[in-house]
Amino acid sequence: MAKKQSRAERDEMLADIAEMYYEKEMTQAEISKEIGITRSAISRLLTEARKKGIVEIHIRRPIWFDSDLAEDLKSRFSLKNVQVLTWDDSDRYEILRQRLGKAGAKVFTDLVDRGQVIGVAWGYTVSAVIDEMPEKHLTGVKVAQLVGVLGSSVHKYSGQTLVEKLAGKLDGEGVYLYTPFIVEKPQTAKVLRNDQSVRDTMLVGQKCDLAILGIGSTIPEYCSLFQGSHIQLADLEELQRAGAVGDVCGHYFTADGSIAQVAFHQRLIGISLEDLRSIPVRLAVAGGVNKAEAILGAVRGGLVNGLIIDSLTAARILELDGS
């Protein structure tokens, strides 16, 4: 009677078979002959190894860049760092955001260095970049939250979550802004801005060497603040009436790059416009043709000086600027 195999022994056998197949590149027929079980059994055991996590498969999809469009954007808007991801599918926005995350992580990894202060805003695309960032152990790095908290619950794309995640990947220190991003009354925002802990965090934000930013939109279906119920329809309509097409860190601007004249700004708690513009490297990661006007306004207004973008949107921005 055959001895019953323990769980540990079975997992060892699965690992042995997986090493033969994936590392030694033996065929299933060769493995079958060597260990004395059928080829179909080998196939089943390889499937079991994957289901148990003994084998993990990572697909590194290549991404391509359009250097001509990147140079056009650089020269047209006097930008420092530009990468244009080659992209030809305007209907797959979720996949585009993931690819922009990969491209942004590649650029950001090359820029970040020991002893720096790194500013982080919030947003889905910024989250995608940090998700794709490899671990890079640096000394003396601080990661500062540039805008307040979005609501009472923690979101994958909120500032405090992103600061914690990036600080962990860089072995850095997170500096958090424990205050709401948007409050109901300007007087409340003023009181909170004068709070010592808030002022201390803002002082760190003023020392940023680089920041990774998203660009928001005032088109309802592409406005994350509105879609996430962080602002009301009345707020969005106020911004639209003022000609606002997008925002960076809550600073709303028109298509020509001018800051929109709205009382809404007085209710926000985050980095000031002057301090934002003084950060040496302000790298925005954004894409999608529907965001073209917002991205154009951001670069025209000097809120960002680096851009990770897709080729369809880059071409549209150049077209809009030319017209």
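A compact table of results
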| quantity | calculated |
| --- | --- |
| Cα-derived Rg to Rh of the range 1-138, Kirkwood definition | 1.19 |
| Enclosed volume per residue, in Å³, of the convex hull spanned by Cα atoms of the range 215-323 | 96 Å³ |
| Relative exposure of HIS137, HIS230, HIS251, judged by other C-beta atoms within 10 Å (fewest first) | HIS137, HIS230, HIS251 |
| Value of relative contact order over the chain, rounded to a whole percent, pairs C-alpha under 8 Å and six or more apart | 18 percent |
| Charge context of ALA167, other residues only, Cβ under 11 angstrom, K/R +1, D/E -1 | 0 |
| Residue-averaged [θ]222 nm for the chain, counting only DSSP H segments that reach four residues, each worth -39500 (n - 2.57) | -13000 deg cm²/dmol |
| Most mobile listed residue (GLY214, GLY140, GLY306) in the chain, GNM with C-alpha springs under 10 Å | GLY140 |
| Entries in LYS52/LYS165; LYS4/LYS24; LYS102/LYS165; LYS74/LYS102; LYS142/LYS165; LYS142/LYS190 that, when Cα-Cα distance is taken, lie over 18 Å | LYS52/LYS165; LYS4/LYS24; LYS74/LYS102; LYS142/LYS190 |
| Cβ-based exposure ranking for PHE181, PHE65, in which fewest neighbours within 10 Å come first | PHE65, PHE181 |
| Over the range 7-51: Rg over Rh, Cα atoms, Kirkwood Rh | 0.92 |
| Largest-first principal axis extents of the Cα set of the chain (Å) | 83, 47, 39 |
| Sequence of TYR21, TYR252 once ranked by neighbouring C-beta atoms within 10 Å, starting from the fewest | TYR21, TYR252 |
| Among ALA70, ALA292, LEU225 - extreme Cα towards positive end, dipole of the chain, charges at beta-carbon | LEU225 |
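Every number in this text was worked out from the coordinates using simple rules, so none of it is lab data. Given the structure is predicted, the values throughout are model-derived calculations rather than measurements. Counting neighbours? That spans all protein chains shown, and the Cβs are built from the backbone with ideal geometry, glycine included.
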